[in-house]
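Here the structure is laid out as structure tokens; the discussion comes afterwards.
The values are calculated or read from the model by the stated rules, or taken from the named source; none is laboratory data. None of the values given here were measured: they were computed from a predicted structure. Positions of Cβ are generated from backbone atoms using ideal geometry, with glycine treated the same way; all protein chains shown enter the neighbour counts.
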Amino acid sequence: MINTYQTSLPPPPPVPPRLSRPGAVLIPAPALSRSYSKSLIRFLVGLVLLHLLLSLGGFIYLYHTSRMEKLPTAVGKEKKSAFLSQDNSQKAMARMIVKQPSHNPTDNTAPGYLEWNMGHSVLRNINYYYSSWLTVLQPGDYYVYARVTFSRWNPKLPLACIVKMRSSEMGEERDVMKAYCSLQGNSSGLCTATQAEVITLEARSQLSVWVQDLSMVNYEEEATTFGMYKL
């Protein structure tokens, strides 16, 4: 029997050994996640702190800038307020209280100018001329008012008070305001004629109050007044 497993060919060379490769270092997945999370948290915290610092710095800068800008305005307003207060205290004004005649007013039935009681009247930057006239020293617009109370009446004469004005002591007189009242049907026996107007006056202008009959005027204090103040 012939052996078919034997041959005259040389045997195949042996298989060379495999070259060794460096082993790969593997980082466990949980450890990598923790390191990444910590880095991210540090970054976010730093970003928030930086934002807070920038915001705080911007707020301080804006506050300081706005305060410096408003400071001159505030000082200016304070000076202006003080100036206005001082100016108001020096403005011309007059408040006159009627003077009680030395004689019986019922005996004086002639028209004439009311006289003023200087002991109860107030004058500032306005002069008093010849017991009845007020002389303006400062030109400008004045609020002028008059209140005359009557306690008697004459059927032939109206109960009227007239504010008269002249440019100087020797100037021509003219009427600038008129007011009337009536005692007819008045159970109290009193009536008051009141008037007020804004009048432009020049320096040395004079004003006074004239009535038809001095005996019809009520001379009680505060019942009859006259005055003005500069606007």
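For the range 111-120, does any single residue satisfy the condition of being under 18 Å from residue 98 (Cα atoms), over 34 Å from the mean Cα position of the chain (by Cα) and among the acidic types (Asp, Glu)? Working first, answer last.
Taking the range 111-120 first, the residues under 18 Å from residue 98 (Cα atoms) are 111-120.
Retained after the next criterion (residues that are over 34 Å from the mean Cα position of the chain (by Cα)): 111-119.
Those left that are additionally among the acidic types (Asp, Glu): 115.
Taking every residue of the range 111-120 in turn, at least one turns out to be under 18 Å from residue 98 (Cα atoms), over 34 Å from the mean Cα position of the chain (by Cα) and among the acidic types (Asp, Glu).
Give the residue, chosen from 201, 231, 190, that is over 23 Å from residue 90 (Cα atoms) and touching a residue at least 24 places away in the same chain (Cβ under 8 Å).
Matching residue, one of 201, 231, 190: 190.
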Determine whether residue 110 is touching a helix residue (DSSP H, G or I) at 6+ places or on another chain (Cβ under 8 Å) and modelled with pLDDT under 85.
yes
Breaking point among (1) exposed (fewer than 13 other Cβ atoms within 10 Å of the Cβ); (2) within 15 Å of residue 147 (Cα to Cα), for residue 190
(1)
Tell me yes or no: at least one residue of the range 166-175 is out of contact with any helix residue (DSSP H, G or I) (no Cβ under 9 Å at 6 or more places or on another chain), in a strand (DSSP E or B) and of a type outside the set (D, E, K, R).
no
